[in-house]
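We did not get these values from a lab; they are worked out from the coordinates using the rules stated. Quick caveat: nothing in here was measured; it's all calculated off a predicted structure. Cβ placement follows ideal geometry from the backbone for every residue including glycine, while neighbour counts extend to all protein chains displayed.
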Amino acid sequence: MSSNKSGVLNTQEKERIRIPLPSIRDDETGYDYLSKLVSFVMSKPESLYIFDFSRCSTITHNGLVVLGGICNYLKRYEAGVTLTRGFGFGSFFTPIKVSFDISGMNSILKERLQVLGFWNYVFPDHGVARNENYIGYREHETVLEDSEIIAHLQDGWLTDEKVSLSEALKGEIISSIYEVFVNAYGHGLKDNPNHQSVISCGYYEPKEKSLSLSVLDLGGGIVNSVQSYTSISSKEAALKWALEVGNSTRTDSPPDVPRGLGFGILKDFIMVNGGVLRICTDSYMATIDSSGRYITEKVSGCIGGTLVSITVRCDDKHYRLVSEDKVPTGKYF
Amino acid sequence: MNPIIVKRLVGVNAISMSSGRKLRDEILREWAGSEKVVVNFEGVEVFASPFFNSGIGFLLKDNDISQLQGKLVFEGISDHGLRLLNLVIDNAIRFYADSENKTVAGLNEVKKDI
């Protein structure tokens, strides 16, 4: 991020930092860049930011939740500072904390961000989604009622007009996505010192028949939670511990109720579905290989939270694999 | 003995811990006075692990798996729901075995008997 400092200007004692965003894809390079972006912004929350889209030809779900999450973080930071300093005369002249230069943005991306509802939350002046039930970008300030999450998925995302699926596969996809949200609410909204939102962005790609979803919370992250809960000092080991079936930091449940299945269920489903799962937290990213093992690798920056991204193949051909029940477990009933 | 109709209890989504708690309370109400407790899932469309953790897995805190198998009968449950139920039970057995310093050998013994 240091190369971006060429655009730094001083305005009312605050740096104005212009960040030329590159194209951001759902791949290793994309996640690595996003981790650096979060690190950089969180190290300078007092600055003013302009995100410049002139070099960005595309930005996928993971990029949108991180960009939206950063904006959410900066706005909450600024609100906290204003509350501390009071609403004096000077606050009327506070420059805009986060803005976007979209003058060089290509028309396809411009339309896509509007349709996805990205600007609805982040910068409504750039055009909001007209359809309230759009599939796309959302910020969740409170824990949604379970029925609300499911209704949104069933009635907004996976309707018969948009996605052709058997009811059985639809139920399994909804169940997996619900596990992602439950994890994010547990780590992201409960006990989050910054009172930040959980951010989600998802969409269906008709050509690939795939559904992609990213859910971000900036509530400290899994590694942080595990290290507070256990005596594990290595960050990589802490992430691996969290991904093992049965391990849970119990952020959202009584201590005597068994938990720790969310990531295991997701992993099993994604593995047999032939999809993609990425979990990026702190300075590590975990993915699964073709045999269902987690591969962890270091990223260049640090996400002070947890980003879970999945791509699910919405194709009943793959559902038969799930039904064959290749996932080893005891059969008690 | 009337079956517990899960749809009537929690609706078509059996997903949350609080819904699972409702099922558990209902099972425990029937537990002592009935030879079998029948849990009917007809019409339930979506399942998730928090529901089963709270509704069924928690019962293994005070009962072993053979007691559950002897008492509970599940009807009308989807393949996905049943797979999730078994996964939750597997995890709950390990969870309570560890907290009471039992060994995983107990789990393996249970599996042999099934």
>> Within chain B, which is the longest segment that contains none of the GluC sites (Glu not before Pro) sitting in a DSSP loop with at most 16 other Cβ atoms within 10 Å?
In response: B:43-99
>> If you take each beta carbon of peptide A:234-247 and count the beta carbons of other chains within 10 angstrom, what is the mean?
In response: 1
> What is the mean number of Cβ atoms from other protein chains located within 10 Å of the Cβ atom of each residue in peptide A:147-158, rounded to a whole number?
Replying inline: 2
> Taking +1 at the Cβ of each Lys and Arg and -1 at the Cβ of each Asp and Glu, which of B:89, B:48, B:67 sits farthest along the dipole of the range B:4-113 towards its positive end, judged by Cα position relative to the Cα centre?
Replying inline: B:48
> If you rank A:280, A:302 by fewest surrounding Cβ atoms within 10 Å, what's the result?
Replying inline: A:302, A:280
> Got a sec to turn the phi values of the range A:284-290 into Karplus ³J(HN,Hα) couplings, 6.51 cos²θ - 1.76 cosθ + 1.60 with θ = phi - 60°, whole Hz, x for Gly and Pro?
Replying inline: 9, 10, 10, 10, 10, 8, 5
> Given H placed on each backbone N at 1.01 Å, which residues far from residue B:38 in sequence or on other chains put an amide H within less than 5 Å of it?
Replying inline: B:4, B:73
> So what are the ³J(HN,Hα) numbers for the range A:99-104, from phi and the Karplus equation (6.51, -1.76, 1.60; θ = phi - 60°), rounded to whole Hz, Gly and Pro as x?
Replying inline: 9, 10, 9, 10, 4, x
>> Give me a comma-separated list of calculated 3J(HN,Hα) values for the range A:213-225, in order, Karplus coefficients 6.51, -1.76, 1.60 applied at θ = phi - 60°, integers in Hz, x for any Gly or Pro.
In response: 8, 10, 10, 10, 10, 10, x, x, x, 5, 4, 4, 4
>> Under the rule of at least 5 residues apart or a separate chain, name every residue whose amide H is placed under 5 Å from the amide H of residue A:99.
In response: A:49, A:50, A:51
> Fewest to most neighbouring Cβ within 10 Å: what's the order for A:138, B:8?
Replying inline: B:8, A:138
> GluC sites (Glu not before Pro), restricted to the range A:218-300: which are DSSP loop and have at most 16 other Cβ atoms within 10 Å?
Replying inline: A:244
>> I'd like the trypsin sites (Lys or Arg not before Pro) in the range A:207-247 restricted to DSSP loop residues with at most 13 other Cβ atoms within 10 Å, sorted by number.
In response: A:207
> Rounded to the nearest 5, what is the percent of antiparallel bridges among the DSSP beta bridges in the range B:4-113?
Replying inline: 0 percent
> How many lysine pairs does chain B hold where the Cα atoms are under 27 Å apart and the two sit 8 or more places apart or on different chains?
Replying inline: 20
> Which pairs, out of A:162/A:209; A:14/A:44; A:36/A:298; A:44/A:110, put more than 20 Å between their alpha-carbon atoms?
Replying inline: A:44/A:110
>> Under a Cβ-only charge scheme (Lys and Arg +1, Asp and Glu -1), can you give me the dipole magnitude of chain B about the Cα centre, in debye to the nearest 20?
In response: 160 debye
>> Could you list A:13, A:78 so that the one with the fewest beta carbons within 10 Å of its beta carbon is first and the one with the most is last?
In response: A:13, A:78
> Mind checking the mean number of beta-carbon atoms from other chains within 10 Å of the Cβ atoms in A:162-174?
Replying inline: 3
